[in-house]
Each structure stands twice: as structure tokens, then as C-alpha cells.
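S.K.: My structure is below; once you've seen it, I'll send some questions.
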Amino acid sequence: MKATFLKVEDVNRFVEFVSKLKGKVYLKSGEYSVNAKSIIGAMYIVNENPNDIVVEVEDPAEAKQVLTFLMQGSHLKEE
């Protein structure tokens with residue numbers, strides 16, 4: 001699934017959300033793949049190619065949770 005991050009806070013909210021999941025979650029862009037639970041990795045990949053980010057979740061049930069989170073724009077909401 002594709003993801004969009006507009007601000008640093010968006011990345012932080014996403015990392016906080018996926019860090020609560022038990023399974024592996026990756027952010028991918030081109031030849032790069034990073035652990036989505038790592039704020040440093042997530043910031044790196046968003047900085048490298050912010051317009052072409054794909055989220056890969058190994059556990060199907062957790063993939064649905066991440067998809068819902070992204071579709072609702074939960075990571076884009078102001079606090």
C-alpha cells in the first residue's frame with residue numbers, strides 16, 4: 001500500500017502506530033527498504049523519495065490495521 005507523509009509529525013505518528021504491532025512492517029522506495037518501526041529509517045526513506053513510499057506489512061491482520069490507519073489519514077491529523 002502507498003503512503004504519503006507531509007510533515008515530520010506525520011512520520012512520527014505512523015512510526016508510533018506501527019511500533020505497537022507485533023509483526024514486521026517495512027517502508028520501501030525504489031531499491032531502499034527500512035524497518036518502519038525505526039524513526040531514523042522512516043525519516044531517511046521519506047527524505048530520499050517522499051512521493052513513492054510503499055508500506056509492506058507481513059501479517060495480514062495487521063496489514064488491515066495499517067491500511068485503515070492510512071486511509072483514515074490518522075497520521076496526518078493535527079493534535
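FYI, it's all coordinate maths here, none of it is from the lab. For clarity, every value in this text was computed on a predicted model and none was experimentally measured. All Cβ positions, glycine included, derive from the backbone under ideal geometry; neighbour counts span all protein chains shown.
S.K.: Give me a comma-separated list of calculated 3J(HN,Hα) values for region 28-36, in order, Karplus coefficients 6.51, -1.76, 1.60 applied at θ = phi - 60°, integers in Hz, x for any Gly or Pro.
M.R.: Here the 3J(HN,Hα) series is 10, 7, x, 8, 8, 9, 10, 5, 5 Hz.
S.K.: If you don't mind, there's one more thing I want to ask. Taking θ as phi - 60°, what are the ³J(HN,Hα) couplings along region 51-64 by the Karplus curve (6.51, -1.76, 1.60), each to the nearest whole Hz, with x for Gly and Pro?
M.R.: After applying 6.51 cos²θ - 1.76 cosθ + 1.60, I find 9, 9, 10, 10, 9, 10, 10, 6, 8, x, 5, 5, 4, 5 Hz.
S.K.: First select every other residue whose beta carbon is under 14 angstrom from the beta carbon of Gly30; then total the charges, Lys and Arg +1, Asp and Glu -1.
M.R.: Details: positive: Lys2, Lys28; negative: Glu31, Glu48, Asp52, Glu56.
That works out to -2.
S.K.: Could you grab the relative contact order for the chain? Cα pairs under 8 Å, six or more apart, rounded to a whole percent. Can you show the working numbers first?
M.R.: Numbers: 108 pairs, mean separation 30.4, N = 79.
Once divided by the residue count of the chain, the mean separation gives 38 percent.
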